[in-house]
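In what follows, a single structure is set out as structure tokens and then discussed.
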Amino acid sequence: MAAIGCDGSGTTTGGVDTGTSTASAVTATSSASAAMTASETASSPVGKPPSGDELPKGAIRRFGSTQFGHGDTVLSVAFSPDSTTLLAGDARGVLIAWDPNTGAKKGAYTEVADMLNDIRGVVYSPDGSKIAFVDQKGRAHLLDAKTLKKLKEQKVHEHSGTSIAFSPNGKKIATGGFNPMAAVWDLDKDQVTPMSRASFPEERAAELVQFSSDGKTLFAGGDFGGPIGLFYGYGPTNIVPPVVKLDPESGKELGTLKGPRRISTIVMSPADRRVMAVGTLGGNVIVREVESGDKVGGIDLKEPVFSIAFSPDGAKMAVGAADSGVRVFESKTGKLVCTLEAAPSNPMDLAYSADGKRIAAAGSTAVYVADAESCKPVLPSEGHRDEVRALSVSPDGKLIVTGDTEGFVVVWDRDTGKVVTKFKAHDRYTVQVAVSPDGKVLATSTSGNMVSLWKMGSWEKLASIKTDASVFSISFSADSSVLAAAQYEKKDALLMDVPSGKVRGRVTLKEGSVQEVTFLPNGVLAAVTEQPVTPDTPRYAVRFFDPTTKEEKRRFDSSGGSRLVVSADGNSLVTISGGMVHVFDGNGARKKELEGWSNTVAFSGDSKLVSVWKDGVLTVWDKDFTKKLASLPAADCELSNVAAVPNTNWVVTSLVNGTVLLWDMDKVGK
């Protein structure tokens, strides 16, 4: 059975859909899909629901939309010259062509799809007949724009490629990357010329490349702490490369661009390519004439500038800044025109359509497209537009709560699939959400060292508790009076009163750190801890504490430390390490080890063990953990979390494409 795409489609097409037949499909098959037996392959997914988002076998509802959705963070965007197609490349090496007005998928190129191979830049040739992109493996790819079939491929860098640009006549492609720091690929001669790095630090890459209007000068530069560097957590360094001017024919350096350092982006005005906008990590946008170098405009944003795009006439600039979304300014005066509504908070790339009607932004798992006139999304979404990893269900099973990597929390009605409420819970990644057993309080935690409590129904904030570290695990006591929170890489877990949020105590270790916490049905607090490894002491242990006295009652050694899940009767405990699921009985005796690459697990209402996998597979085991009842390719992107729905035999899973799936366990595995 084919996996449902993260864009909601049942297949991955190879050509751009123009209403006529296209070339044969270029598809990527996950390892799980390839391993399906003939009988499993014969089971096809159910038909499309009204939303157009297909459902995999066993799923009964999808919450949220897959329109413009990718299976990982979108890093680069580009419009076709006729404005009818929007290309987006993501962090798993997938290039998708979208209809910018409807969000419908027109085609995809997945030949280089790899969890470790992202697409760093994508561009159309000036005449719109070709597409070029560079990947993390240092390869430049040339595709036919209509069919998305590969025309050429060239190794241009020893290591990662970082950026790409066509020459004005479309006969050359320039790329930035590692070793050489920049290169020019002559498409007619199929020859690569490395660019000189006379003024460029040896260990650095040109994060950005742009041709002059006559194609005789190549500008290359940028700081590795720019958008891509910050995305991967590198950040700025003390090595500050300049922007150099290069001869694309010989590769010789012609000089350096005067002006600021810490440059994060360089763009040319599409009107005549005689005006350049330079963005910096210091929060400045400087507009200069390319030939003279004279400054003709500028903006001081005070936040690191991630991306810039000129309107087709050059009169406006869309500017993306760290944690600030996207704003549109007049190019000459710097006057603010508008702020794009609900744009990604960290826009990795921006593009204006050639007709000036649309602005696209990368930076989340869904491509963002706004109407350039109203500055509002073309397809407003009540749900998530970024990765969903936090998941919980109300005790009556009627509300599903999810949190995403932009700090939003969405509450869904289980039966209608509609959004009950959506609010910004945190400025950073919402790591965990949990509903109290009495259904009165919602707890959320963030990577920004904060736990917040909210009143269910009114969604009023009851308390915010500053923590000493990121909190990746929270759990309510059975009577809903206490919330336990594990502080990442710290020796203690906080115990907080509910609903006041007052810290009533800490469970503290002598050494090591608390990784996961969960209250057992009998009121005991269980915790997965990590400690220094010795010949007699493994890395992880499950410990049991009295939450009143904070005393440790017992412990057993565990092979896993990334999750701690307990069955409803308390007789089975599950930990995960390196994707392997370890099952223990209540006394710590090992029952089973289930191999794979699991993110987390949950126990269904009838005690089946449900596991969600990084490769998008939902796996179900029987009550004794001896028989695999089902292994379903739910999506071609990661399933990030799973939770049981009380009072039913359903489970709900979250996906990194920002949607949520509801599953009927009575249908799965039969």
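The values are calculated or read from the model by the stated rules, or taken from the named source; none is laboratory data. What you are looking at is a predicted structure, and each value in this text was computed from that prediction instead of being measured. Note that each Cβ is placed from the backbone with ideal geometry, even for glycine, and that neighbours are counted across all protein chains shown. When the accessible area is computed, the model is the full protein with side chains, heavy atoms only, and any ligands, DNA or RNA have been set aside. Shrake-Rupley method; radii C 1.70, N 1.55, O 1.52, S 1.80 Å.
Shape verdict for segment 379-460, please, from the Cα gyration tensor: rounded (a/c under 1.5), prolate (a/b greater than b/c) or oblate. Verdict is oblate for segment 379-460. Using C-alpha pairs under 8 Å with a sequence gap of at least 6, the mean separation divided by the residue count of the chain gives a relative contact order of 9 percent. Taking one quarter of the surface of the convex hull spanned by the alpha-carbon atoms of segment 550-631 gives a direction-averaged projected area of 5.6 nm². Among Ser500, Ser577, Ser445, the sequence by solvent-accessible area, most first, with a 1.4 Å probe is Ser500, Ser577, Ser445. Residues whose amide H falls under 5 Å from that of Gln515, counting only those 5 or more places apart or on a different chain, are Val528, Thr529, Glu530, with hydrogens built in the peptide plane. Solvent-accessible surface (1.4 Å probe) assigned to His384 amounts to roughly 10 Å².
Starting from the residue with the highest accessible area, list Arg61, Arg539 in decreasing order, probe 1.4 Å.
Arg539, Arg61
Just add up the charged neighbours of Asp272: K/R +1, D/E -1, any other residue whose Cβ is under 12 Å from the Cβ of Asp272. So the environment of Asp272 carries a net charge of -2. With an 8 Å Cα cut-off and a minimum separation of 6 or more residues, compute the relative contact order for segment 452-556 in percent. With pairs under 8 Å counted, the relative contact order is 18 percent.
Once C-alpha pairs closer than 8 Å and six or more residues apart are averaged by separation and normalised to the residue number of segment 541-670, the relative contact order reads 14 percent.
What the phi angles of segment 407-418 give under the Karplus curve with 6.51, -1.76 and 1.60, with θ = phi - 60°, is a coupling list of x, 7, 10, 10, 10, 10, 7, 4, 7, 9, x, 8 Hz, glycine and proline written as x. Grouping the Cα pair distances of segment 451-553 into 10 Å bins from zero gives a pair-distance distribution of 16, 47, 28, 7, 2, 0 percent in increasing distance order.
Since only Thr256, Met450, Pro646 are under comparison, the one whose Cα sits farthest along the positive direction of the charge dipole of the chain, derived from C-beta charges on Lys, Arg, Asp and Glu, is Met450.
The HN-Hα couplings worked out from phi for segment 126-137 by the Karplus form 6.51 cos²θ - 1.76 cosθ + 1.60 (θ = phi - 60°) are x, 8, x, 8, 10, 10, 10, 8, 10, 10, 5, 8 Hz, whole numbers, x standing for Gly and Pro.
Straight Cα distances below 16 angstrom link Lys491 to the aspartates and glutamates Asp468, Glu511, Glu516, Glu530, Glu551, Glu552, with same-chain residues fewer than 8 positions distant left out. Looking at the chain, the accessible area is 39 square angstrom per residue; that uses a 1.4 Å probe and ignores ligands, DNA and RNA. In this entry, segment 90-158 is assigned a mean projected area of 4.8 nm², taken as a quarter of its C-alpha convex hull surface. Semi-axes of the equivalent ellipsoid for segment 74-220, computed as √(5λ) from the eigenvalues of its C-alpha gyration tensor and ordered from largest down, come to 24, 17, 13 Å. Taking amide H positions as modeled 1.01 Å from N, with prolines and chain starts lacking one, the residues under 5 Å from Leu462 and 5 or more places away or on another chain are Leu453, Trp454, Lys455. In this Cβ point-charge picture (+1 for Lys and Arg, -1 for Asp and Glu), the chain has a dipole of about 500 debye about its Cα centre. Under a 5 Å amide H cut-off, with hydrogens placed 1.01 Å from N, Lys316 pairs with Ser311, Ser331 among residues at least 5 apart or on other chains. Counting only Cβ charges, +1 for Lys and Arg and -1 for Asp and Glu, the dipole size of segment 469-615 around its Cα centre is about 200 debye. Dipole of the chain computed with +1 at Lys/Arg Cβ and -1 at Asp/Glu Cβ about the Cα centre; of Phe423, Ser65, Leu525, farthest Cα towards the positive end is Leu525. Give the shape of segment 303-432 as rounded, prolate or oblate, defined through the alpha-carbon gyration tensor: a ≥ b ≥ c are the square roots of its eigenvalues, a/c under 1.5 means rounded, and otherwise the shape is prolate if a/b is larger than b/c and oblate if not. Judged from the Cα gyration tensor, segment 303-432 comes out prolate (a/c at least 1.5, a/b above b/c). Of the listed residues Ile308, Ile60, the order by accessible area with a 1.4 Å probe, largest first, is Ile60, Ile308.
If you add up the charges near Ala321, with Lys and Arg at +1 and Asp and Glu at -1, over every other residue whose beta carbon is less than 12 angstrom from its beta carbon, what do you get?
-1
Tyr352 contributes about 30 Å² of solvent-accessible surface, heavy atoms of the protein only, 1.4 Å probe. With the gyration tensor restricted to C-alpha atoms of the chain, the semi-axes of the equivalent ellipsoid amount to 46, 28, 24 Å, longest first. A helix-only calculation puts the chain at -500 deg cm²/dmol for mean residue ellipticity at 222 nm, using -39500 (n - 2.57) for each DSSP H run of at least four residues, averaged over all residues. Separation of segment 427-472 and segment 526-597, taken as the distance between their Cα centroids, equals 25 angstrom. If the limit is 18 Å between Cα atoms, which of Lys422/Lys461; Lys155/Lys216; Lys466/Lys553; Lys591/Lys623; Lys137/Lys189 go over it? Too far apart for the 18 Å limit: Lys155/Lys216; Lys466/Lys553; Lys137/Lys189. For segment 589-597, putting each phi into the Karplus relation 6.51 cos²θ - 1.76 cosθ + 1.60 with θ = phi - 60° gives couplings of 6, 6, 8, 6, 10, 10, 6, x, 9 Hz, in residue order, rounded to whole numbers and with x for Gly and Pro.
Oblate is the label for segment 45-140, because a/c, from the alpha-carbon gyration tensor with a ≥ b ≥ c as root eigenvalues, is 1.5 or above and a/b does not exceed b/c.
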